[in-house]
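Read the structure below first, then the notes.
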Amino acid sequence: MKKAALLILAVTVISGGLLLTAYIENQYFYFSTYIVLQYIILATAWNILGGYTGYVNFGTGAYFGLGAYTAGYLITNFNLPLPWLIVAGGTSSAVLGLAIGYLTLRLKGVYFSIATLAMSIVIATLIINTPALGGAKGMYILRPKEVSFFSNYMELLFATMVIIAVFTVALAWFIENSWFGRGLAAIRDDEVAAACNGVPVLRLKVLSATTSGALMGIAGAPYPYYISYMEPLSTISLDMAVNSLAMPLIGGTGSWIGPVLGAILLSTTQQVATVTISSEYNLLIVGILLVGFVILAPNGLVGLFQSLLKRRTD
Amino acid sequence: MNGLRVRAVRLGKYFLCAIAIVAFTVPAVHAQKPLKIGFSMALTGPLAQAGKGALLAMQIWAKDVNDGGGLLGRPVELVYYDDQTKGANVPLIYAKLLDIDKVDFIVSGYGTNITAPAMPLVIDREMVFISLFATAVNQHFNYPYYFQIMPAGPNPVVDWSAGFFEVAARQNPKPKTVALLAADAEFAQNAVDGARENALKHGFEIVYDQSYQMGIPDFTPIVRAIKARKPDIVYVMSYPPGSVGFVRAAKEVRLEPKIIGGSMVGLQYTSIQMNLGPTLNGIFNYWFWAPEPTLNFPGIEAFLKKYQAEAPKQNLDPLGYYLPPFAYAYLQVLQQAIEATKSTDQKTVGEYIRQAEFETVVGKVKFGPNGEWARSRMLFVQLQGIESHEMVEFTKPGKMRVIYPEKFRSGELIYPFPGWQ
């Protein structure tokens with residue numbers, strides 16, 4: 001029943017998103033919603049490794065950037081259509097997740113986090129030194145002039161991101177409620193105890209890193225068309241890592257809905273601040289929200305709702 | 001009593017007439033709907049200091065225009081948002097400017113990675129778009145109503161360093177070898193491509209050609225490696241922290257080729273000039289404007305006076321010779337095009353900018369087919385006679401001698417490089 005309800009919700013969200021493109025002409029809506037959807041995907045993807053498994057990953061920018069650069073390369077050299085870019089972006093970042101996961105998931109705690117941070121620098125340096133990817137000069141991507149079914153390319157990108165976001169959240173829900181998710185929860189709570197009880201710890205951790213990386217790469221694949229010009233230092237940025245970490249923490253890391261709520265809240269607030277406050281103060285927002293939630297609601301919005309609900313039923 | 005009443009009525013009539021005249025003439029500008037010009041600007045992030053300087057220049061322009069009666073009788077209003085020096089914020093900001101704020105015109109923020117992300121929307125809406133210091137963006141988009149105010153010339157990548165190597169090739173005895181050093185970032189990597197081409201064109205042998213990672217704390221090993229190749233010319237393409245780091249290391253290691261300089265960004269900033277002081281003497285570098293008699297364009301003095309009165313209050317570059325005049329000038333181009341065409345139609349204004357010549361505070365501006373300056377006006381200056389670290393030193397003529405181009409030349413190149421002071 002729950003599965004059916006979620007399936008109906010997913011279909012409704014996708015249909016609603018597609019319908020919106022027929023009624024809303026204001027481009028600002030699509031540009032701003034694109035960013036919110038991008039962060040829903042990234043935060044949900046981060047939560048698979050960071051929230052479910054308990055491994056804090058600072059390498060979001062690297063996975064996202066690799067997906068974006070793979071897509072950018074395929075656009076400029078082979079002019080591949082968007083679905084192929086998404087598959088390719090996801091695959092390249094999945095391979096990175098697999099490799100990095102295998103190499104670093106024996107590390108624990110802060111050592112793992114430092115390794116993921118170093119990975120971002122390595123990927124950025126590789127791109128800077130790869131002329132085929134534009135190097136430090138950057139890469140220009142021209143959007144196709146013609147687009148089918150939509151009145152402009154931004155609407156197509158918005159619709160694509162709605163579908164990817166729904167797919168990502170559905171996958172997170174599935175993982176959370178499967179043997180895989182239960183294994184990850186066991187690892188998060190006590191890795192040694194999980195291993196003693198027969199949980200294939202390394203295999204699950206690597207699978208978790210691969211899935212998380214693949215989803216981040218998928219989020220990066222449409223980005224070249226959104227931005228039109230990519231250069232490594234801003235595409236593989238620490239901002240992205242901080243945001244995709246802060247969003248699940250604000251929403252709640254224990255459940256699939258937490259990163260979604262956190263992404264909507266934080267990303268929307270940041271965007272509103274960009275076009276209203278327009279000063280240094282908007283950079284404080286992430287910090288203030290994080291500190292506020294850590295103190296007042298350590299389990300995020302979801303935890304806060306649950307404790308309020310419990311208090312009411314008690 | 002009756003006479004008094006008649007006089008009072010007559011006075012009342014005059015008063016009402018005066019009000020009517022005032023109402024129909026003087027405040028006409030303010031009664032009109034404002035003409036909105038929208039843009040994003042780096043007010044936070046790595047380029048914030050330059051971005052804030054540009055914004056101040058744009059605000060001075062807006063005040064000047066409004067004091068003079070507005071544009072087409074309408075007061076101008078600047079609508080801007082902080083892009084945080086992040087390209088990812090740019091599409092969103094321009095969508096808001098066009099769809100929510102309904103601005104009449106848009107111009108770019110500062111730099112290539114801020115300008116390029118706006119292009120798809122600009123092209124989609126067929127807007128006139130004048131950019132502020134973006135390098136070779138329109139080579140990729142070929143958009144007819146894109147214009148760029150930096151005087152790099154029709155082929156910015158190559159034209160940027162053409163003057164440097166032309167001057168070097170004229171020296172006697174002619175230098176033979178070149179060392180190229182570039183930061184691994186967008187502008188420097190574009191510039192090094194052009195420098196390579198120009199060096200080979202003039203028959204120089206490239207004996208060192210390397211990039212360095214942005215943010216390295218110590219240039220000494222790099223400078224030692226360059227010195228070991230004994231180049232006659234050292235051409236450096238760096239950003240402000242790298243420029244300071246390189247100059248200090250070169251002085252320490254006594255790297256003293258026949259010509260040293262190139263495309264070091266930052267040496268034009270007052271704070272860096274005050275910091276380095278006499279160390280700058282002899283460096284031969286690109287420049288955009290200097291207080292030399294040959295560069296005394298109409299309006300530049302008045303603009304700088306206003307800028308310099310306000311800049312210290314906002315903790316900005318106190319002299320503002322680098323970016324602010326161009327931030328003022330790109331709005332002058334738009335202003336003159338609107339005034340000449342008496343129109344706010346994008347196509348009409350865009351077509352006018354394509355063919356007209358504009359008188360601005362940075363000199364006469366004419367754009368070529370790709371929207372870059374039709375002819376390069378990159379200045380190469382040699383810093384000479386700097387005796388102290390005081391700011392006043394850099395306000396006097398004769399300290400930044402224009403060596404190239406010939407039209408604006410204000411001094412002779414001291415050749416070979418006299419050595420570090």
Filtered trypsin sites (Lys or Arg not before Pro), the range B:318-357: DSSP coil and at most 14 other beta carbons within 10 Å: B:Lys342
Could you work out the local net charge near A:Lys108, counting Lys and Arg as +1, Asp and Glu as -1, over the other residues with Cβ closer than 15 Å to its Cβ? 0
Rh by Kirkwood over Cα pairs, then Stokes-Einstein D for the protein assembly as shown at 0.890 mPa s and 25 °C, µm²/s: 87
In degrees, nearest ten, helix B:324-341 long axis to first principal axis of chain B (Cα): 50
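If a/c stays under 1.5 just call it rounded; otherwise compare a/b with b/c (prolate if a/b is bigger, oblate if not). Do that for the range A:129-237, with a ≥ b ≥ c from the square roots of the Cα gyration tensor eigenvalues. Could the numbers behind the result be given before it?
Numbers: a/c = 4.58, a/b = 1.86, b/c = 2.47.
Oblate shape, in that a/c is at least 1.5 and b/c is the bigger or equal ratio.
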For B:Ile260, what residues show an amide H to amide H distance below 5 Å, using hydrogens built from the backbone and excluding near sequence neighbours? B:Val234, B:Phe284
Below 8 Å between Cα atoms, with a sequence gap of 6+, how large is the relative contact order for the range B:136-236 in percent? 31
Charged-residue dipole, Cβ positions (Lys, Arg, Asp, Glu), chain B about Cα centre, Debye nearest 20: 960
dims of chain B, Cα set, principal axes, largest to smallest, nearest Å -> 102, 49, 36
For B:Lys230, give me every one of the lysines with a C-alpha distance below 30 angstrom, ignoring sequence neighbours fewer than eight places off in its own chain. A:Lys137, B:Lys174, B:Lys176, B:Lys201, B:Lys251, B:Lys258, B:Lys399
For the residues A:Thr125, B:Thr177, B:Thr112, A:Thr116, what sequence is obtained by ranking on other C-beta atoms within 10 Å, fewest first? A:Thr125, B:Thr177, B:Thr112, A:Thr116
Mean Cβ-within-10 Å packing, highest first, puts peptides A:95-103, A:3-11 in the order A:95-103, A:3-11
Highest-MSF residue in chain B out of B:Asp83, B:Asp218, B:Asp124 [GNM, Cα springs under 10 Å]: B:Asp124
The alpha-carbon pair-distance distribution computed for the range A:2-237, with 10 angstrom bins and whole-percent values, is 8, 31, 33, 20, 7, 1
With 10 angstrom as the radius, rank B:Lys313, B:Lys176 by how many other C-beta atoms surround their C-beta, starting from the fewest. B:Lys313, B:Lys176
Measure off 7 Å from each Cα along the Cα-to-Cβ vector at A:Leu202 and B:Asp345, then give the distance between these two points in nanometres to one decimal. 7.2
Please sort by residue number the trypsin sites (Lys or Arg not before Pro) in the range B:250-307 whose DSSP state is loop and whose Cβ has at most 13 other Cβ atoms within 10 Å. B:Arg254
Between the modelled labels at A:Ile8 and A:Ala99 (7 Å from Cα along Cα→Cβ) the distance in nm is 4.6
Run down the lysines and flag those whose C-alpha is under 27 Å from the C-alpha of A:Lys205, throwing out any fewer than 8 positions away in its chain. A:Lys3, A:Lys108
At q = 0.16, 0.17, 0.21 Å⁻¹, work out log10 I(q)/I(0) for the range B:213-312 with the Debye formula, treating every Cα as an identical point scatterer and leaving solvent out; two decimals please. -0.75, -0.82, -1.10
Pick out which of A:Val56, A:Val242, A:Val291 has the largest mean-square fluctuation in a Gaussian network model of chain A, springs linking Cα atoms closer than 10 Å. A:Val291
Quote the FRET efficiency, to the nearest 0.05, computed for A:Val272 versus B:Lys407 with a Förster distance R0 of 56 Å and r equal to the Cβ-Cβ distance. 0.65
What is the P(r) of the range B:53-100, as percent of Cα-Cα pairs per 5 Å bin from 0? 5, 19, 20, 17, 20, 13, 6, 1
Could you give the DSSP H helices of chain A that reach 24 angstrom or more along their long axis (alpha carbon positions) and whose average Kyte-Doolittle hydropathy is no lower than 0.5? A:2-23, A:27-50, A:60-78, A:82-104, A:109-128, A:153-176, A:201-220, A:257-276
Mind scanning B:Lys33/B:Lys342; B:Lys305/B:Lys396; B:Lys102/B:Lys364 and naming the pairs with a C-alpha gap bigger than 21 Å? B:Lys102/B:Lys364
By how many degrees, 0 to 90 and rounded to 10, does the Cα axis of helix B:240-253 deviate from the longest principal axis of chain B? 30
For the range B:83-173 the trypsin sites (Lys or Arg not before Pro) that pass both the DSSP coil test and the at-most-14 other-Cβ-within-10 Å test are B:Lys102
Summing -39500 (n - 2.57) over every DSSP H run of at least 4 residues in chain B and dividing by its residue count gives a helix-only mean residue ellipticity at 222 nm, to the nearest 500 deg cm²/dmol, of -12500 deg cm²/dmol
Kindly rank B:374-386, A:75-87, B:66-78 from highest to lowest mean number of other beta carbons found within 10 Å of each residue. B:374-386, B:66-78, A:75-87
5 angstrom amide H check on B:Ala182, placed H, neighbours 5+ away: B:Gln210, B:Ser211, B:Tyr212, B:Met237
Tilt, helix B:90-99 to longest principal axis of chain B (alpha-carbon atoms), in degrees rounded to tens, equals 20
Counting each DSSP H run of 4 or more residues in chain A as -39500 (n - 2.57), what helix-only mean residue ellipticity at 222 nm follows after dividing by all residues, to the nearest 500 deg cm²/dmol? -25000 deg cm²/dmol
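Each reported figure results from applying straightforward, stated rules to the coordinates on display, with no laboratory input. What you see is a predicted model, and the numbers here were worked out from it, not measured in a lab. Note that each Cβ is placed from the backbone with ideal geometry, even for glycine, and that neighbours are counted across all protein chains shown.
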